[in-house]
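Participant: Handing you this structure, nothing more for now.
The values are calculated or read from the model by the stated rules, or taken from the named source; none is laboratory data. What you see is a predicted model, and the numbers here were worked out from it, not measured in a lab. Counting neighbours? That spans all protein chains shown, and the Cβs are built from the backbone with ideal geometry, glycine included.
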Amino acid sequence: MQSNRTVLTQEQRQTLSHQMLQSIRIMAMPIQELKETINAELEKNPALEVIYDPSVVSLDSIRTNPEIAGTTSTQQTETNTNYEKHTKPKQSHQELFEKILSNEETLQEHLLEQLRIQPVSESILKAGELLIQNLDDKGFHIEDPFVVCKDFPQEDVHTAIDLIQHLEPIGTCTRNFQESLIVQAKLDPAAPPYAQVILERYFDLLEHNKTKEIQKLLKIDQEELEHILTYIKTLNPFPGRQYAPNNVRYITPDVIVRRENGDFIITINEEEFPVLSINPYFNTLLEKQYDRATTLFVKENVRKAQEFIQSIQQRNKTLLRVVRALIDFQRAFFIKGPRHLAPLTLKDIAQHLELHESTISRLVNGKFIQTDYGIFELRYFFSNSISGAGSTGSRYAQGAVKEIIKEIIQNEPDALSDQAIAEKLALRGIQIARRTVAKYRKMLQLDSSFERKGRKKN
């Protein structure tokens, strides 16, 4: 039975307020643009005040809290390698120093030059060369070193890692900045007692500036602890960066994810821009009676300052929610690496968080995340699926397929054609055409088989 009833429809047109427009705009800003916007707003609005500026403070505290050190550390460390005493370097220390200052070498070139004069076996040397090529610009492993060096005895890989860690700059070939700091303290005979212990056992307390707890656990006085902390500040959490080419544009991550004891620690990179508040003087002015023009001026600027601060806070809260969701959906990636990237769409995250898809798109565009496997644009985690063969119905993210292609090319004994790579992928249950392999290879900036064959002949 069909009943007739009147259906009322209402059309609502809403004009976005200045605050909403500002929130949307700030939501889309990557960290560098946000910094510029904050500086511009500080110049424009006298009611806005900086209560903490890491660009000023971090020079002194940067290494006490390694998270702050994300992009600013450039301090060089003193050379102290046990391997150097067994051989005569090909270059004088002066020449090496000049190269450091002029940035003529990449980190890889500088380490390889030192490695190749060490008195080690061919196996250790070749493993060491692979390990060095696997380092990012900070000096950390990009992929698991034992996966990269899977064709070498594990003992030789361990030896090669230890050797490279001793080379200038000390502390490269490590997993992260914590391990790098530990290596530097371990190899420095001038390191004060307990410096290595603090970095190894009480690093979390150090990051959260819980010095009283550290002092109690070590049973030392405050003066001794301050001496140790002062020493730790002299260490370089990112030793590889001093060798980066001048033309390299560093990417500043908007969010940092690290895995500790099976848990994921998510940190919004708020240390890249100042912490804001309302100027107390303006709050005082609100309590006093002035002429209408002055009162309006004060109220308007305080309101704008409050809205601006709220917009930044909203951006960071939403970014945190999105990254948490990414970890839930892409857990295999964060545990095992890029090859395990799963298919994911913006819609999946939007529905999960009950947000509009455009909000997710706006938030992930141009923003970067630092992981244990390197720095990635947030959009990297969103890709369509590629169907696998067989009854299992397996699905692969495009990013994961690219990583597999990269691995095949890097480990190939001969220069495989795109068709041969497609056939190898088919054996793994990944069905894609030769032209798709070629497209992905070009996106990875990898040469064709012809170019790779020519390089091997030379």
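Participant: Residue by residue through region 121-139, note down the ones that are surrounded by 18 or more Cβ atoms within 10 Å (Cβ to Cβ) and either within 17 Å of PRO338 (Cα to Cα) or at pLDDT below 90 (or both).
Facilitator: Those that are surrounded by 18 or more Cβ atoms within 10 Å (Cβ to Cβ) and either within 17 Å of PRO338 (Cα to Cα) or at pLDDT below 90 (or both): ASN134, LEU135, ASP137, LYS138.
Participant: Taking the stated definitions as given, is ARG315 crowded, with 18+ Cβ neighbours inside 10 Å and either assigned by TED's automatic domain parsing to the domain that holds ILE142 or not small (Gly, Ala, Ser) (or both)?
Facilitator: yes
Participant: Given region 316-428, what strands (runs of 3 or more DSSP E) lie entirely inside it while holding 2 or more residues that are more than 22 Å from GLU33 (Cβ to Cβ) and at pLDDT below 80?
Facilitator: 385-387, 395-397
Participant: For the list (1) assigned by TED's automatic domain parsing to the domain that holds LEU167; (2) crowded, with 19+ Cβ neighbours inside 10 Å; (3) modelled with pLDDT under 90, I need the number of the one condition that THR234 fails.
Facilitator: Against the list (1) assigned by TED's automatic domain parsing to the domain that holds LEU167; (2) crowded, with 19+ Cβ neighbours inside 10 Å; (3) modelled with pLDDT under 90, THR234 comes up short only on (2).
Participant: Please specify each residue of region 270-313 satisfying the condition of being under 18 Å from GLU33 (Cβ atoms), outside any helix (DSSP H, G or I) and either of a type in the set (Ser, Thr, Tyr) or in contact with a helix residue (DSSP H, G or I) (Cβ under 6 Å, 6 or more places away or on another chain) (or both).
Facilitator: PHE273, LEU276
Participant: Which condition number does PRO189 fail, the rest of (1) closer than 24 Å to ASN261 by Cα; (2) surrounded by fewer than 15 Cβ atoms within 10 Å (Cβ to Cβ); (3) touching a residue at least 12 places away in the same chain (Cβ under 8 Å) being met?
Facilitator: (1)
Participant: Given the conditions (1) within 28 Å of HIS340 (Cβ to Cβ); (2) exposed (fewer than 15 other Cβ atoms within 10 Å of the Cβ), report the number of the one that LYS216 does not fulfil.
Facilitator: For LYS216, the exception is condition (1).
Participant: I've got another one for you. Is it the case that region 276-283 has a residue that's within 22 Å of ALA40 (Cβ to Cβ) and among the β-branched types (Val, Ile, Thr)?
Facilitator: The initial filter retains those residues of region 276-283 that are within 22 Å of ALA40 (Cβ to Cβ), namely 276-279, 281-282.
Still in the list and also among the β-branched types (Val, Ile, Thr): 278.
Yes, that holds for at least one residue.
Participant: Could you list, in sequence order, all residues of region 140-174 that are over 20 Å from LYS336 (Cα atoms) and part of a loop (DSSP other than H, G, I, E, B)?
Facilitator: Selection gives PHE152, PRO153, LEU167, GLU168, PRO169, ILE170, GLY171, THR172.
Participant: In region 350-367, what residues are surrounded by 15 or more Cβ atoms within 10 Å (Cβ to Cβ) and touching a Leu at 6+ places or on another chain (Cβ under 7 Å)?
Facilitator: ILE360, SER361, LEU363, VAL364, LYS367
Participant: Within region 284-300, track down each residue that is surrounded by fewer than 13 Cβ atoms within 10 Å (Cβ to Cβ) and either under 30 Å from VAL255 (Cα atoms) or polar (S, T, N, Q) (or both).
Facilitator: THR284, GLN289, THR294
Participant: For the subset of region 202-216 comprising residues that are out of contact with any helix residue (DSSP H, G or I) (no Cβ under 8 Å at 6 or more places or on another chain) and assigned to a helix (DSSP H, G or I), which member is nearest to ILE265 (Cα to Cα)?
Facilitator: Of everything passing the filter in region 202-216, ASP204 is nearest to ILE265 (Cα to Cα).
Participant: Please name all residue pairs, on different chains or six or more residues apart, with Cβ atoms under 8 Å, provided the first residue is in region 436-458 and is surrounded by 14 or more Cβ atoms within 10 Å (Cβ to Cβ) and the second residue is at pLDDT below 75 and not in a loop (DSSP other than H, G, I, E, B).
Facilitator: What qualifies is TYR440/GLN398; ASP447/ARG455.
Participant: Confirm whether ARG434 is at pLDDT 75 or above, over 32 Å from the mean Cα position of the chain (by Cα) and among the basic types (Lys, Arg).
Facilitator: yes
Participant: I would also like to ask the following. Among GLN222, GLN165, GLN178, which is in contact with a Pro (Cβ under 9 Å, 6 or more places away or on another chain), among the polar types (S, T, N, Q) and assigned by TED's automatic domain parsing to the domain that holds GLU129?
Facilitator: From the options GLN222, GLN165, GLN178, the qualifying one is GLN178.
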